[in-house]
1. Tally time: how many residues in the stretch 134-161 are farther than 16 Å from residue 323 by Cβ and part of a loop (DSSP other than H, G, I, E, B)?
2. Can you run down the residue pairs with Cβ atoms below 6 Å, 6 or more apart or on separate chains, where the first is in the stretch 32-51 and within 21 Å of residue 100 (Cα to Cα) and the partner is in a helix (DSSP H, G or I) and modelled with pLDDT of 90 or more?
3. Between 205, 233, 251, 193, which is more than 39 Å from the chain's Cα centre (by Cα), surrounded by 11 or more Cβ atoms within 10 Å (Cβ to Cβ) and in contact (Cβ under 8 Å) with a residue 40 or more places away in the chain?
4. Would a scan of the stretch 296-311 turn up a residue that is under 30 Å from residue 96 (Cβ atoms), part of a loop (DSSP other than H, G, I, E, B), free of Cβ contacts under 8 Å to residues at least 60 places away in the same chain and within 35 Å of the chain's Cα centre (by Cα)?
5. What is the residue count in the stretch 162-190 for residues that are touching a residue at least 40 places away in the same chain (Cβ under 8 Å), within 16 Å of the chain's Cα centre (by Cα) and not in a loop (DSSP other than H, G, I, E, B)?
6. Yes or no: residue 226 in a loop (DSSP other than H, G, I, E, B), in contact (Cβ under 8 Å) with a residue 24 or more places away in the chain and surrounded by 13 or more Cβ atoms within 10 Å (Cβ to Cβ)?
7. Filter the stretch 107-116 for residues that are modelled with pLDDT under 85 and assigned to a strand (DSSP E or B); which is farthest from residue 312 (Cα to Cα)?
8. Out of the strands (runs of 3 or more DSSP E) lying entirely within the stretch 30-106, which hold 2 or more residues that are touching a strand residue (DSSP E or B) at 6+ places or on another chain (Cβ under 7 Å), at pLDDT 60 or above and over 28 Å from residue 313 (Cβ atoms)?
């Protein structure tokens, strides 16, 4: 049997008990929704990616550690994992696209990524993996204390473009929803747990097309451009006699010393002190410049290299939904995968799942108490065991030293005869 890895990663798929109401979704078109109920295995194909290297994982149904609902179940794997489901092909042209899923990181992930991918064209599902082309990728990437990134990567004309913004993902051990909304006007929103975390436009937040505006680097500030916000008051006049005011004056409070001798000390003169009337060199007061035009900036002009694509937001027709994971150590729970055109329905899913949010938190906190108590118990046991070993070493050392001293004493005594102690 091949040796097992030291750390086994867990990737779990929950079976929720919450029954969603489809009343509000009557106007929504749901392209794909997976809550991993009975029969989910028939919809998904496990990939052989990394299997030849001994790094591929396999799902198995198992209970989660601190479920908000006691009936939640899951499946696990380690190292690398890839699984995909084929769906009826659709296009997001002229419609809003919503991709959403929930994930819970039950272990302290040292380094790993947990992604959802939308795939286009033909995909050999048995070979689906990290190098398989995709149209959209969404998911957290965690590595140490520095990397806590939420990836949003779009494919355009065969090339992948990551979002330029630094989006942060959640890193605690509770369930979190990640939602990406892409609209026909090429605007987008990123939501975490149903709340907007960021938004913007594909034109500015991905380096897909050249910027429609560029700085006119050859532009020069006009000669008549006045960028002085304040100027000296031209109507202010210097007071008469201002320049004759001395910096220092004789101290009017000074008195000649009683023992002052003019023959020896010379004529007594009072010392000088700063003149309170002296205000320094005269300057006109500052006033607002009536001709101020603001700080001059290099103007933006139309970029001659920019060519608009009105279908910038349109992905290649989607045919598959894939889960791709890599982990050094840790565990992840996937659930509530949703692909639709209605952000309101996606929000409803979040709200209904989070109806069990408090029980999940309570279960997690109780599990943390048990874990910390066990850690303290193990630490105390280790301290006691260490103290016991130390006492045993000290005991052995004392007896060893005593035996050694006794042997030296006997050898020393054998070196003397009775005559050595005779006194005449």
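1. Total satisfying the criteria: 5.
2. 45/125
3. Values: 205 fails: more than 39 Å from the chain's Cα centre (by Cα); 251 fails: in contact (Cβ under 8 Å) with a residue 40 or more places away in the chain; 193 fails: more than 39 Å from the chain's Cα centre (by Cα).
Residue meeting the stated conditions: 233.
4. yes
5. 5
6. Details: in a loop (DSSP other than H, G, I, E, B): yes; in contact (Cβ under 8 Å) with a residue 24 or more places away in the chain: yes; surrounded by 13 or more Cβ atoms within 10 Å (Cβ to Cβ): yes.
Taking the combined requirement at face value, the residue satisfies it.
7. Restricting to residues being modelled with pLDDT under 85 and assigned to a strand (DSSP E or B), the top hit is 111.
8. Details: elements: 30-34, 44-46, 80-90, 97-104.
It comes to 44-46, 80-90.
The values are calculated or read from the model by the stated rules, or taken from the named source; none is laboratory data. Just so we're clear, the structure is a prediction, and the values are computed from it rather than from any experiment. All Cβ positions, even for glycine, are placed from backbone atoms using ideal geometry, and neighbour counts span all protein chains on display.
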